[in-house]
Amino acid sequence: VVRESGGDAMAQAPRSKVRLTHPDRLYWPDAGVTKAGLADYYAEVWRAIAPFVVNRPLALVRCPEGIAGQCFFQKHVWRGAAKAIRLMPDPKAPDDQPLVSVADLDGLIGLVQAGVLEIHPWGATFDALEQPDQMIFDLDPGEGVAWPEVIAAALEVRARLAARGLESFVKTSGGKGLHVVAPLVPKADWTVVKPFTKALADEMAKDAPDRFVATVAKAKRTGRILIDYLRNGRGSTAVAPYSTRARPGAPVSMPLAWEDLSPEIGPAHFTVLNTVARLAALERDPWADFRAAAKPLPVPASRRRKRD
Ligand code: ATP
Ligand code: MN
Ligand code: MN
């Protein structure tokens, strides 16, 4: 029986065999979320998060003492990592430390055991590391930008993608902004996808220079929204849907339906504390059709290569 995520699929959470040490350690002291609480959260959202974290290289924000302690952004493994955490050499950099990934819930709970509070996957799977299966537009509001303007920016990215025949989905970042994500059939290489995203960001900045910028230079960002396309290069990452953030309040990056966007739902509205109830109340995961909506980007003839 195939069940949709959301609704009753959330009723029975799967279990992990990974043993947690110090289950009562407070990872988010302000929100009262412990290590065990985080493990329960990920078990509850497992079906929804799995397609976005399994079988992909991961960068991780690790805070072994919780958000009050020191955090490390890391792409490589640590001492004592759970066996369920997989290590795979990067075929393009075989001498580097291997890439980190998970294949199942035990891997995800292995991350929790190690104090991982943010999961940042590549936009590609190990099945096709050179051909991304998604594009992401990270909307970063500068100083003085009101939330409805960020929503308008997301809708504009959506419309420009739709004009190119691509469907897109929106999520809160759990921080300050929104992320618009377009699923791709993994055909075009990073070297094609990144310029595509840059062209779209540049176009928005050119058409409305008072609203948008496409370059990271801080000075230009006051009162404007950075259309950050730089998450779309090989080895770049963005926070996963349903991942928690190592920020006060235990926020999560929450997938939304487009019609959910509203001034009432700010970028850090959803947290470890209210997400499971939201999913249980939803008729349907707003991103249920994400993979089915994937389209290939046109591959320029000059870059076409033989693939199996
Ligand atoms: P916000 O809404 O606050 O912008 P965000 O997740 O979009 O939240 P950004 O600062 O826009 O945050 O993007 C940071 C991205 O850069 C992350 O998604 C992460 O994958 C990547 N990154 C690269 N280096 C680091 C680092 N040292 N610490 C955190 N993120 C890093
Ligand atoms: Mn951002
Ligand atoms: Mn950014």
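What does the charge count around Glu143 come to, taking other residues whose C-beta lies under 10 Å from its C-beta (Lys +1, Arg +1, Asp -1, Glu -1)? Mind showing how you got there, number by number?
Numbers: positive: Lys218, Arg221, Arg224; negative: none.
Taking every other residue near Glu143 into account, the sum is +3.
Of Arg158, Arg284, the sequence from fewest to most neighbouring Cβ atoms within 10 angstrom is Arg284, Arg158.
Note on Met204, Met88: ascending count of other Cβ atoms within 10 Å places them as Met88, Met204, the fewest first.
Spin-label model, Ala208/Ala293: points 7 Å from Cα along the beta carbon direction are separated by 2.0 nm. In the chain, the calculated helix contribution to ellipticity at 222 nm averages -7500 deg cm²/dmol per residue, counting -39,500 (n - 2.57) for every DSSP H run with n ≥ 4.
How much FRET efficiency would the formula 1/(1 + (r/R0)^6) give for Thr191 and Arg15, where r is the Cβ-Cβ distance and R0 is 35 Å, rounded to 0.05? Please list the in-between numbers first.
Values: r = 42 Å, r/R0 = 1.21.
Result of the calculation: an efficiency of 0.25.
Quick one: net charge of Leu99's neighbours, Cβ under 15 Å, K/R +1, D/E -1?
Result for the neighbourhood of Leu99: 0.
Determine Rg/Rh for region 47-121; Rg is computed over alpha-carbon atoms and Rh is the Kirkwood hydrodynamic estimate from the same atoms. Provide the component values of the computation, followed by the final result.
On the way: Rg = 12.0 Å, Rh = 12.6 Å.
For region 47-121, the value is 0.96.
Each of Ser236, Ser253, Ser262, Ser173 has some number of other Cβ atoms within 10 Å of its Cβ, and from fewest to most they run Ser262, Ser236, Ser173, Ser253.
Bear in mind that the values in this text are calculations on the coordinates, not laboratory data. On a predicted model such as this, the values are computed, not experimentally measured, just so you know. So basically every Cβ, Gly included, is an ideal-geometry build from the backbone, and we count neighbours across all protein chains shown.
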